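Novice: My questions all concern the structure below.
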Amino acid sequence: MTLISMVAAYTILQVLVGVASWFDYRLEECELTDKTVRDGFRARPNWRNLYRWYETYTVLFILGTIVALWIFATTEILPRID
């Protein structure tokens, strides 16, 4: 269970770093288009749109699965081991 949790934590970290990188890239893109095209050409990314990003649901699925596995392991599997 610990190994599975570590793999899940690593995967979640990778997703979060990817989101942060994309967010920074998008801000730079908006600054560039403001200078070259016109102000407000591209909308800046907003954390309030978190529910629209597939990464949100990927992280929630991983967290939900890990929590369910830990609950199952501690309530069903571990008590039956002699």
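The values are calculated or read from the model by the stated rules, or taken from the named source; none is laboratory data. As the structure is a computational prediction, the values presented were derived from the model and not from experiment. Using ideal geometry, Cβ is built from the backbone for each residue, glycine included, and neighbour counts are taken over all protein chains shown. Only protein heavy atoms, including side chains, enter the accessible area calculation; ligands, DNA and RNA are left aside. Shrake-Rupley method; radii C 1.70, N 1.55, O 1.52, S 1.80 Å.
Novice: Calculate the dipole size of the chain relative to its Cα centre from +1 charges on Lys and Arg beta carbons and -1 charges on Asp and Glu beta carbons; express the result in debye to the nearest 20.
Specialist: 260 debye
Novice: Ignoring ligands, DNA and RNA, what percent of the accessible area of the chain is carbon or sulfur (1.4 Å)?
Specialist: For the chain, the apolar C and S fraction of the accessible surface comes to 66 percent.
Novice: Among (1) 73; (2) 210; (3) 94, find the value of volume of the Cα convex hull per residue in Å³ that was calculated from the structure presented, and write down its label.
Specialist: Recomputing volume of the Cα convex hull per residue in Å³ here gives the entry labelled (1).
Novice: For the chain, calculate the relative contact order in percent as a whole number, restricting contacts to Cα pairs under 8 Å that are 6 or more residues apart.
Specialist: After rounding, I find 36 percent.
Novice: For every helix of n ≥ 4 consecutive DSSP H residues, a contribution of -39,500 (n - 2.57) applies; sum these over the chain, divide by its total residues, and give [θ] at 222 nm rounded to the nearest 500 deg cm²/dmol.
Specialist: Dividing the helical sum by the residues of the chain leaves -23500 deg cm²/dmol.
Novice: A further question on this structure: For residue 67 and residue 26, compute 0.36 nm times the residue count separating them, minus their Cα-Cα distance, and round to one decimal in nm.
Specialist: In short, 11.5 nm is gained.
Novice: So which trypsin sites (Lys or Arg not before Pro) in segment 31-82 end up in coil per DSSP with only 16 or fewer other C-beta atoms within 10 Å?
Specialist: Within segment 31-82, the qualifying trypsin sites (Lys or Arg not before Pro) (loop, at most 16 other Cβ atoms within 10 Å) are 38, 42.
Novice: Probe of 1.4 angstrom, ligands and nucleic acids ignored: what's the accessible area per residue over segment 1-57, in square angstrom?
Specialist: 80 Å²
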